[in-house]
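First comes the structure, then the notes that go with it.
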Amino acid sequence: TYARYWEAARLHLTADLRYQYYFAPPDAAERGVLAATLGATRQLADGWFAQGYYETRFADYDQGSREDRRNTLGLSVVYVPSETVTWRAGATFIDNDSNVAAAEFRTLNLGLGSALSWRF
């Protein structure tokens with residue numbers, strides 16, 4: 001059945017739609033931002049996971065007529081050797097388009113990380 005396929009694939013999907021308003025002092029970057037995110041996590045083997053997400057967002061600035069459109073793609077591999085330790089390697093690509101030339105950019109971020117956590 002359909003449910004068994006998703007369980008066998010060990011695939012988890014997420015979706016998020018949000019609106020945020022950033023308040024700022026006068027003559028600053030006060031803006032409203034609408035964002036939509038889709039993500040997926042798949043278990044590769046015991047303790048190993050692949051994660052990916054895509055986010056698109058639109059920002060409308062109150063001062064002037066600036067509007068930004070940003071697309072972000074992120075991919076990572078996560079290793080969880082125990083309940084308290086997590087290691088991660090990943091990459092994120094951001095493409096920010098704007099009607100203000102100085103606000104346009106494209107960037108590729110690479111990272112390594114670790115986390116140590118415990119329960120109280």
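The values are calculated or read from the model by the stated rules, or taken from the named source; none is laboratory data. Just so you know, these numbers come straight off a predicted model, no measurement behind them. Counting neighbours? That spans all protein chains shown, and the Cβs are built from the backbone with ideal geometry, glycine included. Only protein heavy atoms, including side chains, enter the accessible area calculation; ligands, DNA and RNA are left aside. Shrake-Rupley method; radii C 1.70, N 1.55, O 1.52, S 1.80 Å.
Cβ-Cβ distances below 6 Å connect the following pairs, each with a first residue in the stretch 48-60 that is within 16 Å of N96 (Cα to Cα) and modelled with pLDDT under 95, a second residue that is in a strand (DSSP E or B) and open to solvent by 60 Å² or more (accessible area, probe 1.4 Å), and a separation of six or more residues or different chains: D60/E67. Kindly indicate whether R106 is among the basic types (K, R) and touching a residue at least 24 places away in the same chain (Cβ under 8 Å). Taking the combined requirement at face value, the residue does not satisfy it.
Which of the residues belonging to the stretch 1-30 are assigned to a strand (DSSP E or B) and either modelled with pLDDT of 90 or more or β-branched (V, I, T) (or both)?
H12, L13, T14, A15, D16, L17, R18, Y19, Q20, Y21
Do we have any residue at all in the stretch 83-96 that's among the polar types (S, T, N, Q), touching an Asp or Glu at 6+ places or on another chain (Cβ under 7 Å) and at pLDDT below 95? Looking through the stretch 83-96, none of the residues is among the polar types (S, T, N, Q), touching an Asp or Glu at 6+ places or on another chain (Cβ under 7 Å) and at pLDDT below 95.
Conditions (1) surrounded by 13 or more Cβ atoms within 10 Å (Cβ to Cβ); (2) charged (D, E, K, R); (3) in contact with a strand residue (DSSP E or B) (Cβ under 9 Å, 6 or more places away or on another chain), marked per residue:
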| position | (1), (2), (3) |
| --- | --- |
| T37 | yes, no, yes |
| L44 | no, no, yes |
| G52 | yes, no, yes |
| S65 | no, no, no |
| L75 | yes, no, yes |
| S82 | no, no, no |
| A103 | yes, no, yes |
| R106 | no, yes, yes |
| W118 | no, no, no |
